[in-house]
1. Might you let me know whether the range 34-53 holds any residue that is at pLDDT 95 or above, under 17 Å from the mean Cα position of the chain (by Cα), closer than 20 Å to residue 155 by Cβ and part of a helix (DSSP H, G or I)?
2. Among the residues of the range 10-32, count how many are surrounded by 15 or more Cβ atoms within 10 Å (Cβ to Cβ), in contact (Cβ under 8 Å) with a residue 24 or more places away in the chain and within 15 Å of residue 182 (Cβ to Cβ).
3. For residue 123, state whether it is more than 21 Å from residue 85 (Cα to Cα) and surrounded by 24 or more Cβ atoms within 10 Å (Cβ to Cβ).
4. Which residue is nearest to residue 136 (Cα to Cα), if the candidates are limited to the range 79-106 and must be surrounded by fewer than 18 Cβ atoms within 10 Å (Cβ to Cβ) and in contact with a strand residue (DSSP E or B) (Cβ under 6 Å, 6 or more places away or on another chain)?
5. Which numbered condition trips up residue 6, out of (1) in contact with a helix residue (DSSP H, G or I) (Cβ under 9 Å, 6 or more places away or on another chain); (2) crowded, with 16+ Cβ neighbours inside 10 Å?
6. Does residue 154 satisfy the condition of being buried (at least 16 other Cβ atoms within 10 Å of the Cβ), in contact (Cβ under 8 Å) with a residue 40 or more places away in the chain and within 23 Å of residue 29 (Cα to Cα)?
7. Which members of the range 1-33 meet the condition of being part of a loop (DSSP other than H, G, I, E, B) and within 21 Å of residue 100 (Cα to Cα)?
8. Would you confirm whether any residue within the range 155-168 is modelled with pLDDT of 95 or more, in contact with a helix residue (DSSP H, G or I) (Cβ under 6 Å, 6 or more places away or on another chain), within 23 Å of residue 64 (Cβ to Cβ) and not in a helix (DSSP H, G or I)?
């Protein structure tokens, strides 16, 4: 099961605590760490990214930046996550650069061509934020898995109890914010 931790936008509250959280999950072996800190300027994001890339990474966690391919490429991050409505993933397709793409509607599957992973959301009602979109349910995972060769990561309201349902529906893994919680 692929595990993608999405950061929670709180780095400005306590950077040291935020970095310790990221380091703890990297040590545990999450596959992808998506830095999603929208309040940061490009310069701040680049500085944070460089700090994350210097953290011990014993299991090879790949670091992605949320919708900032320019900063990801400049800092040597492993890839980018493109938000729904962003440029098409194939724009950034290149060897060694990972591209994930958000998708909130099965009808948008054609916009995922060129991506390495689809983050399909919300599967369930999100736990970390309010979202007015209806939950897609695990049937959407099965539909995407059937229609696309791009692996699907389930996102939105994922818990340890319902993650199994996502995997049984055809998800290649889980993405989330609250799913991973603090490192204990």
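The values are calculated or read from the model by the stated rules, or taken from the named source; none is laboratory data. This one's a predicted model, so the numbers in the text were calculated from it and none came from an experiment. For neighbour counting, all protein chains shown are included, and Cβ atoms are generated from backbone atoms with ideal geometry for every residue, glycine included.
1. no
2. 10
3. no
4. 84
5. Against the list (1) in contact with a helix residue (DSSP H, G or I) (Cβ under 9 Å, 6 or more places away or on another chain); (2) crowded, with 16+ Cβ neighbours inside 10 Å, residue 6 comes up short only on (1).
6. Details: buried (at least 16 other Cβ atoms within 10 Å of the Cβ): yes; in contact (Cβ under 8 Å) with a residue 40 or more places away in the chain: no; within 23 Å of residue 29 (Cα to Cα): yes.
So residue 154 fails the test.
7. Residues of the range 1-33 that are part of a loop (DSSP other than H, G, I, E, B), as a first pass: 1, 7-14, 29-31.
1, 7, 8, 9, 29, 30, 31 - these are the residues of the range 1-33 that are part of a loop (DSSP other than H, G, I, E, B) and within 21 Å of residue 100 (Cα to Cα).
8. no
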